[in-house]
Structures are given as C-alpha cells and as structure tokens.
Amino acid sequence: MGSASSHLRGSSRTRFPFIKGFRRRLIDVCSVLAIYYLVKLIYHGLISIGASRSSGGGSVSSDKSTFPACERVGRADDETPISANHVYSPSGLLHTNPDGIHPILALIRSAEDEWDRKLDRASRTLEDAVKEYKRRYRRDPPVGFDDWWDFAQEMESQLPDEYDTIHRELEPFWGMDPNDLVEIQAALETKIDAFTILKNATHDTHLITTAFSDPEKWEQNDLLRGLNEIISLLDPIEPALQPFRAVFSTYPEPTMLSDYHVKNAFLDAASAKKSPLFSYSTTSLYHDIQPPSFFGWTADEPSAEVDPEWENKTDERLLWRGNNVGMVHSDATRWRHAHRSRLVSWAEDINGTANVLIPGHVEDEGWQRVGGGTLVKKALLAPALLDVAFAGKPNGCNVQYCRHIETQYEWRKERQPHEKEIGRHKFILDASLLYIAIRRKLITASNRWMEKGHRQTSSGSWLPTRLYSRPQHTQNAWVHYVPIQVDYSDLYDALLFFRGDLYGEDEHDSLAKRMAYAGKEWSKTFWREEDMTVYFFR
C-alpha cells in the first residue's frame, strides 16, 4: 500500500503539473480578497464610530459629492437600498449620497431613536445614579450626592445623569493646588465688573463684595441684575449647601479665554491662569463656569392670540430680528465676520445661484432619492424663504461709525416676542452670539419650529447637551430643534425640506409641526425653575 500511495502521489505530480500552480494562484487570490475585506471592515468600522459619536447633532454637509456607503443611519425598516446610505465624517457632518433618501429624514430618525434611548437608560435609583456617575467620570460622586438625588427626585427632575457640562467645566480646577485657587479667587474678586456671593456656617447666601468700573452707576446700569435670581434659585437648597464663596461676572459674555490655538488677539490666553469665574454664557474657547440663569426665562406660555396653533400660522418664511451686538464695530475690527453680520449679509445676497437639496419625489421602490443638488437663483430663494434683517439702530460703535454701519444693511422695525405678527411665523432662527439667548425660552415654549446655529462655535445659554449650554444637556438636535452650520450653508436645504420647494410641493410640514411641539413639551418639562435649582445643587 505504501508503494502504491507513493506511486499515486508521484504520478499526480507527473500527470497533473498544473495543479500545484493553480493552488498557489488560488491561495494568492484568497489572500488578496481577505486583505481587501479586512481593510473594508476597518474602514467602515471607523466611519461607524464617527457616526455614533456625532449622530446627536449632525448637520447636513454642503458637499453634495458621492461618498462611500457605510452603516445605515436610519432605522432597520427603511426601504432605502443599502448602496444609498449617507456617510458621517469624524467632524460630525453628514455627507449626502445623491442616491439616498433626504439626509434630514435619516438625521431625524437617528436623533429620535437616540432620544428614546436616553430616556430609557436614565437612572431610576440612587444606586443606579452612583454607578453611572462612576462610569462616566471615573471617580466617586461628591459628598452630599445622596442629598442631591433626593432633592432631584422630589422636584421630579428628569434625566438625572446628563450633567457632563458640570464635570467638563470644573475638572480643570481639580488639578490645581487649593492654595493657588484661594489666591486666584482673591484676585478675581477685585476684577472689574464682578460680584461675589458667600455662604458660611453662620450666614445664608448673600452678597459679600463688588468691583465695578463705575461704582456710582452700577445700580442704574443693572450690573447686579442676576444676583437676586441666583439667590432665589439657591433658596430651596440653602440648608444642604456647604460653605462656599463664588465670583460672578456681571455681563452675559464670557471672559475667561482658554483656547491656546487661536492666534494674535488670543495669545494672551496662553499665559493666563485659569480662574473660577461664573458667567452667564460660555463657548468652547473659554473656561468660564456657566450657572443656570433666569435671563430669558419665563414660566408662562404665549397666549393663543399671540401664538396660534401650527395650522393657523400662515407665514412660512424664516424669521429673525436682532441687532449687531457681539463686538466693537470700527475700522480696526473685523465686524463683517461677526456672526449676525454674516447672517444678514447672507440673507440679503440675491446675486448668483445656490446649490440646494430639493425634496425628492417618491420613486417606484417607495423611497425618495435626494439627488446631488440643484442650482437655484438666490433672487428666487431669499424673498420666498427668508424674513431676516437687523432691527432698530446699530450698536457697538461711535456715532460716526454707527452712521456708516446703518448704510451697509437694511434696518427694520424692532419686533417683540408678544407681537401677533411674530406668532404668524412657523419658522424661527436662533442666532445667538456671546450672550444669553434672551428669547429662546419664549421660542421653545411656543408652537414654533426653531433652527439654531451650530453649538460648537456659538455660545450656549443655560438650557436644560447640558448646543452649545445647560438644560440643553437634555435637548436633542433634530428632535427639539434643527441645528444649522455657522456658515448657513445648509439653511436653505433645511427650509426647503420642511416647507417644500418654491411651489410648496414635497413639503414635510407634519415633521416640522412634530418638532415644534416636541420643543414646546421639552420646555415645559425640562426647563423649569426646579430644573435650574437641581442643576445648581449638583
């Protein structure tokens, strides 16, 4: 048998010499295919990670080019062909695939799913909250966490785990020497236009010192306008508070610049020590600590006369009114690049064309192909879609230069939130700058759909991500509002999606209504006075 086997093996090599070469080629082909699929798997995995990190507030990219397919953005029951998926970039932008459904549909579906998961995973017991705290922050909860939990439950505060902003803003100070902090705070209390509140073992929280550039005019300038509101928020938890001393800025703008990568005007930040200053707003460039505030807050809903139901709102243009606050306007500053100046310039530009996504028609397979964008004259888009303008008189400039600013834009009559004309608009733009969005509570408490400038670059007011921002730690983009890029490149796309094309066809009015009412319900249940006190206590 042994010789026979040897004979057969030998005869195979002699009679079929091509088999050995074929096997080698087969192995080579299989190896190449394995490497290809491995690289493809790694690539798609990285893209999926980017999508999962940014799906909550992704914006539609203005780049309408075709990108490789990746993990599906929408729900599993979507009928969209798998080859027509959109792609998230690590920056958080969604790159549109022309063969896919409209990207806003995908973003809304993804955001609503994430919102449901956030509600479902919220801690229900103190033990759950402690476990989640340790998981998120890799440290034990502070002393008194159980008292905070009991108070939060008594106030029926929802989403008790969403306080990442507090950790992010306070964490830099935990690595500092306490003696250095005491020295820094003492110097901070003499900072121009600041006030300090104190609570010790024998006194309730009260004003202890002020530092104003013009002491004789601080009262008429209302520089202590936030003091009583802060003390009012702390009053329900006064017995549980440990002794503390805190310095507050009197202005709505942040002042503690900490971004070391911005050149020229920001270079001084590199040599500045971090200071524990509480301010009414902040941005990613600053390290101000942002507390809750009553600025722009109201417990009342607009009346039906001022804020009719969605179906009775007749104006489908996007509304924005405001002034040119935010920076000094002079020949020495780049005021034309300011957030609001760019907005009004963009809205007034009717020259040339814009590449926009027109809501798609339903295909035979039952899904909508968005396409690669359509060139439309701005002279057709702007008048039909926008009611955006500066109001009142120019600010932030001397008399002579303000006259010059007045000639650069159209200035219209100022409009107040309680006016009936405002209530007729379905779509409102929140173009906040480095100050509290005074009207945001009024907007979210109404039956209006809100678009908001992207929170990564504009400052956040305290909204119950706690965009940009505080009870916002519980506010989800594409569920309660529409996030817009700071260059407004996707603003036309969003408006056309919800209100339809220039003829009003292929609109998604029901989705706009659902988002408007979801924002209103969020305002009533997550942005209460009790929620602000719970945040302060935490």
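General remarks:
- Ranked by the mean number of other Cβ atoms within 10 Å of their residues, highest first, the peptides 124-132, 490-498 fall in the order 490-498, 124-132.
- Normalising the average separation of contacting C-alpha pairs (under 8 angstrom, six or more residues apart) by the number of residues puts the relative contact order of region 149-216 at 20 percent.
- All C-alpha pair distances within region 479-534, sorted into 5 Å bins from zero, spread as 4, 18, 18, 18, 16, 11, 7, 5, 2, 0 percent across the bins.
- Full extension of the chain segment joining Arg136 with Lys420 gains 97.6 nm, where the gain is 0.36 nm per residue of separation less the Cα-Cα distance.
- Surface per residue (accessible, 1.4 Å probe) for region 471-538, Å²: 29
- Peptide ranges 106-112, 331-337, 476-482, 165-171 listed from the most packed, as the mean C-beta count within 10 angstrom indicates: 476-482, 106-112, 165-171, 331-337
- Converting phi to 3J(HN,Hα) with the Karplus coefficients 6.51, -1.76 and 1.60 and the offset θ = phi - 60°, region 132-137 yields 5, 4, 5, 5, 6, 10 Hz in sequence order, with x at every glycine or proline.
- Relative contact order of region 97-247, defined on C-alpha pairs under 8 angstrom at six or more residues apart (%): 17
- Sites Asp331 and Leu170, calculated FRET efficiency, Cβ-Cβ separation with R0 45 Å, nearest 0.05: 0.65
- Length gained when the stretch Lys377-Asp147 is fully extended (0.36 nm per residue, less Cα-Cα span): 76.8 nm
- Length-normalised contact order for region 369-422 - Cα pairs under 8 Å, 6+ apart - percent: 31
- Listed peptides 371-381, 419-429 by packing density, highest first (mean Cβ within 10 Å): 419-429, 371-381
- Across region 528-538, computed HN-Hα scalar couplings (Karplus, 6.51 cos²θ - 1.76 cosθ + 1.60, θ = phi - 60°) run 9, 4, 4, 5, 5, 5, 4, 5, 4, 4, 4 Hz from first to last residue, x flagging Gly and Pro.
The values are calculated or read from the model by the stated rules, or taken from the named source; none is laboratory data. Since this is a predicted model, take the numbers as computed values, not measurements. For neighbour counting, all protein chains shown are included, and Cβ atoms are generated from backbone atoms with ideal geometry for every residue, glycine included. Accessible surface is based on the protein model in full, side chains and every heavy atom, while ligands, DNA and RNA are left aside. Shrake-Rupley method; radii C 1.70, N 1.55, O 1.52, S 1.80 Å.
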